[in-house]
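Chemist: One structure coming up, written as structure tokens, with questions to follow.
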Amino acid sequence: MNHAAPGPLALIAWAQALDWLLLLAVLPVLLLLFRRMRALFARVAPVGALMTAVGPAPGQRLPARLARAMDGAPLMVGGTRSDGMRSLLLFVSGTCPISRKILPIAQDFTRRESIDLVCLGDDTDAMQHDLIARFALSPGRFVNDPEIGRLLGVDKLPFALLLDPSGLIVAKGLVNTREHLESLVVAGETGHVSVQSYLNARPRAA
């Protein structure tokens, strides 16, 4: 006895039913993947400046140190400022591609936030003058002195310290994005020395 072939409507119905079954089978996998991604994001976000344990810690005052700027004039690094401005000490190098990336970002960021940008490095004067010319930096706000980096425990670049007008270290850390620079300011506003400590205090913040 011959059976009649299923009609087009029956085939469409079977195909739709199969699609729904596949969707229902994939849904738990997607939910599990979403939970794993959320857990991973909670570990690494927000992408704040990574603070190191070497050198003076946030909350300590950076004593005033007289240095020689690249234009030959004396420049006071640290200590109390009479103009009431915050300072961002940014350690960079012309041989570091990330330093070259962060410099224009730092220039725009400090200008918008009314923060005095002071660049520091440990290269030849010729290399630093090339960096100054390339990014239109102020030679009077650039210090080429390896001793300052050693005193502050800077071993990786680019590295930044945010100082308040009294020379107090508000926050510090490795920086390579605008978000990293912003996290230094946010850390001071929240009362936490770093975004990492903020996350540890409030694990659900992410």
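Chemist: Condition first: at pLDDT 85 or above and open to solvent by less than 30 Å² (accessible area, probe 1.4 Å). Now tell me which residues in the range 178-206 satisfy that.
Modeler: Step one: list which residues in the range 178-206 are at pLDDT 85 or above, which gives 178-186.
Within the range 178-206, His180, Leu181, Ser183, Leu184, Val185 qualify.
Chemist: Could you tell me how many of the residues in the range 115-130 are touching a strand residue (DSSP E or B) at 6+ places or on another chain (Cβ under 7 Å) and exposed (fewer than 15 other Cβ atoms within 10 Å of the Cβ)?
Modeler: The number of residues fulfilling the criteria is 1.
Chemist: Being β-branched (Val, Ile, Thr) and either open to solvent by 10 Å² or more (accessible area, probe 1.4 Å) or farther than 23 Å from Gly72 by Cβ (or both): is that true of Val143 here?
Modeler: Values: β-branched (Val, Ile, Thr): yes; either open to solvent by 10 Å² or more (accessible area, probe 1.4 Å) or farther than 23 Å from Gly72 by Cβ (or both): no.
For Val143, the condition - β-branched (Val, Ile, Thr) and either open to solvent by 10 Å² or more (accessible area, probe 1.4 Å) or farther than 23 Å from Gly72 by Cβ (or both) - is not met.
Chemist: Say whether the condition of being at pLDDT 90 or above, over 21 Å from the mean Cα position of the chain (by Cα) and open to solvent by 10 Å² or more (accessible area, probe 1.4 Å) is met by at least one residue in the range 168-176. Outline the logic, then answer.
Modeler: In the first step, residues of the range 168-176 are kept if they are at pLDDT 90 or above; the result is 168-176.
With the extra rule that they be over 21 Å from the mean Cα position of the chain (by Cα), the set shrinks to none.
Within the range 168-176, not a single residue is at pLDDT 90 or above, over 21 Å from the mean Cα position of the chain (by Cα) and open to solvent by 10 Å² or more (accessible area, probe 1.4 Å).
Chemist: Oh, and also: List pairs: first in the range 124-137 and free of Cβ contacts under 8 Å to residues at least 40 places away in the same chain, second part of a helix (DSSP H, G or I) and of a type in the set (A, V, I, L, M, F, W, C), Cβ under 6 Å, 6+ apart or cross-chain?
Modeler: Phe135/Leu103
Chemist: Look at the range 150-166 and say how many of its residues are open to solvent by less than 60 Å² (accessible area, probe 1.4 Å) and more than 18 Å from Ile102 (Cα to Cα).
Modeler: Let us first name the residues in the range 150-166 that are open to solvent by less than 60 Å² (accessible area, probe 1.4 Å), namely 152-154, 158-166.
Narrowing further to those that are more than 18 Å from Ile102 (Cα to Cα): 152-153, 163-166.
Count: 6.
Chemist: Name every residue in the range 97-116 that is within 16 Å of Leu157 (Cα to Cα), touching a helix residue (DSSP H, G or I) at 6+ places or on another chain (Cβ under 9 Å) and not β-branched (Val, Ile, Thr), in order of residue number.
Modeler: Of everything in the range 97-116, those that are within 16 Å of Leu157 (Cα to Cα), touching a helix residue (DSSP H, G or I) at 6+ places or on another chain (Cβ under 9 Å) and not β-branched (Val, Ile, Thr) turn out to be Ser99, Arg100, Leu103, Ala106.
The values are calculated or read from the model by the stated rules, or taken from the named source; none is laboratory data. As the structure is a prediction and not an experimental result, all values here were calculated from the model. We place every Cβ from the backbone using ideal geometry, glycine too, and count neighbours over all the protein chains shown. SASA here: full protein model, heavy atoms, side chains in, ligands and nucleic acids out. Shrake-Rupley method; radii C 1.70, N 1.55, O 1.52, S 1.80 Å.
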